Amino acid sequence: FKALVLQYMLLGSLEVCLHSRGHHLNLFQRLDIMIDVACALEYPHHGCWETIVLCDLKPSNVLLDENMTAHVGGFGIAKMLVGYKSLTLTCTLGTTGYIAP
C-alpha cells in the first residue's frame, strides 16, 4: 500500500479567492502570494540537479493555507529536463489561456 499525504489547504485555490464574492485580496496579500509562487518555482528551475518545468501554472494550481501562504501544485504534466540545454515538444501541454503562445 502506498499513499501520498499532502497538507490540507484551508483557503483552497487562488482561483477561488480571486473570483468568489466572499473573498477580497488586498495589495499586500497579492504581493505575498506572488513572492511565494516565485520562490516555489525557483527551486524546481534552479535548485534541483535536473531542471523541472511545471508546464501548467494557473490560479487553480496555487493553493493557499490558513496563513495565506501560497503553495504551488499541479505537477501532473511537469517535465524534467535531463541533460538538455533546450527542449522541443511536438504537442501542446498546459491549460488553454495559461500556456505560452
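Fewest neighbouring Cβ atoms within 10 Å first, the residues Glu15, Glu50 line up as Glu50, Glu15. Assuming charge only on the beta carbon of Lys and Arg (+1) and of Asp and Glu (-1), the dipole of segment 12-81 about its Cα centre is about 240 debye to the nearest 20. Here's how it looks for Lys58: its modeled amide H is under 5 Å from none belonging to a residue 5 or more places away or on a different chain.
For Thr69 and Ala3, the FRET efficiency from 1/(1 + (r/R0)^6), where r spans their Cβ atoms and R0 equals 30 Å, is about 0.80. Length gained on full extension, Met34 to Ile52: 4.5 nm, using 0.36 nm per residue less the C-alpha separation. Between the beta carbons of Lys79 and His24, assuming R0 = 25 Å, the FRET efficiency works out to 0.10 to the nearest 0.05.
Values in this text are rule-based calculations from the coordinates and carry no lab data. Keep in mind the model is a prediction, meaning the values are calculated, not measured. Please note: Cβ atoms are built from the backbone with ideal geometry, for glycine as well, and neighbour counts cover all protein chains shown.
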